[in-house]
Amino acid sequence: MKKIIIAIDGHSSCGKSSLAKALGTALGYAYVSTGDMYRAVTLYFIQNGVNLEDAGAVHEALRNIRLHFEHGGQGNRIFLNGQDVSQEIRKMPVANLVSPVAAIPEVRREMVRQQQAMGARKGIVMDGRDIGTVVFPKAELKIFLTASVDERARRRFEELKEKGQCVSFEEVKNNLLARDRIDSTRTDSPLLQANDALLLDNTFFNLEQSVEVALDMVRAVLAKLDSPA
Ligand code: DC
């Protein structure tokens, strides 16, 4: 069976990573949440006091950053210079700075280079904001995932509440709207639905239902690839 590249893009907190992981598991493909890479770079910038306005400092920092993923029982773990930072990158200081960091062209160039290398042998599901438009413009399947902002905020709010974090629904919703705005309006690789991406609105779906719809899309692509021209 041919292996393909599956690109998933979409707004913050609409379940891209969960879908990528579930598809990767179902198909026996690798899966990578590229947001984790931008988050790990942001953590390095915070830990080392890198000034985002200083191009020389950003360049130097990128030379000193080594990222790698390890696949474990709880899913992918991301390592920054050999240290597992999978928990740390989910916290608020990183969440608050990641969109400006991800808007820096040199940061994007380096992340895209690494992401393209990961997909060189296909058989990968990658999620982010520019996967179908910039990283893999020739991906065999592109999914643009979305959900209403209230539903995304509700899911994120419930998740934070379960983790014992004390935030209001309004705060969560405003953070989502702010990130969507920065990600969609930046000059370098803004979040866009690629012309050939299939829209999947999961406002009224649970994860299993989203996975079923996405697997139908995969089957359709594979059947087309296997059929004689
Ligand atoms: O997917 P996420 O919410 O963990 O991503 C964190 C931030 O990284 C998000 O605000 C936008 C940025 N990002 C990006 O610019 N390009 C990607 N391919 C993935 C994430």
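Rule-based calculations on the coordinates, nothing more; no lab input. This structure is a prediction, so every number in the text was calculated from the model and none was measured. Counting neighbours? That spans all protein chains shown, and the Cβs are built from the backbone with ideal geometry, glycine included.
Worth a mention:
- Scaling the Cα radius of gyration of region 54-157 by the globular reference 2.2 N^0.38 Å produces a ratio of 1.21.
- The order of the peptides 19-27, 185-193, 164-172 by mean Cβ neighbours within 10 Å, most packed first, is 19-27, 185-193, 164-172.
- Converting the Cα gyration tensor eigenvalues of the chain into ellipsoid dimensions via √(5λ) gives semi-axes, longest first, of 27, 22, 17 Å.
- Long-range amide H partners of Gly10 with built H, under 5 Å: Gly128, Leu145
- Spatially close lysines, pair count over the chain: Cα under 18 Å, gap of eight or more or interchain: 23
- By the Cα gyration tensor, region 129-229 has an equivalent ellipsoid whose semi-axes, rounded to whole angstrom, run 31, 19, 9 from largest to smallest.
- Rounded to the nearest angstrom and listed largest first, the equivalent-ellipsoid semi-axes of region 103-144 from its Cα gyration tensor are 18, 12, 7.
- Using θ = phi - 60° in the Karplus curve 6.51 cos²θ - 1.76 cosθ + 1.60, the 3J(HN,Hα) couplings for region 40-53 round to 5, 4, 4, 4, 4, 4, 5, 4, 10, x, 6, 7, 5, 7 Hz; x is entered for Gly and Pro.
- Cβ-Cβ distance of Cys166 and Arg121, R₀ of 41 Å, FRET efficiency by 1/(1 + (r/R0)^6): the value works out to about 0.35.
- In terms of surrounding Cβ atoms within a 10 Å radius of their Cβ, Lys2, Lys142 rank from fewest to most as Lys2, Lys142.
- Backbone amide hydrogens, once placed in the peptide plane, bring Val32 within less than 5 Å of Val125, Met126, Asp127, excluding anything fewer than 5 places away on its chain.
- 0 to 90° range, to nearest 10: angle between helix 55-64 axis and the chain longest Cα axis: 60
- Relative to the dominant Cα principal axis of the chain, helix 92-102 is inclined by about 70°.
- Between 0 and 90 degrees, the angle of helix 16-27 with respect to the longest Cα principal axis of the chain falls at about 40 degrees.
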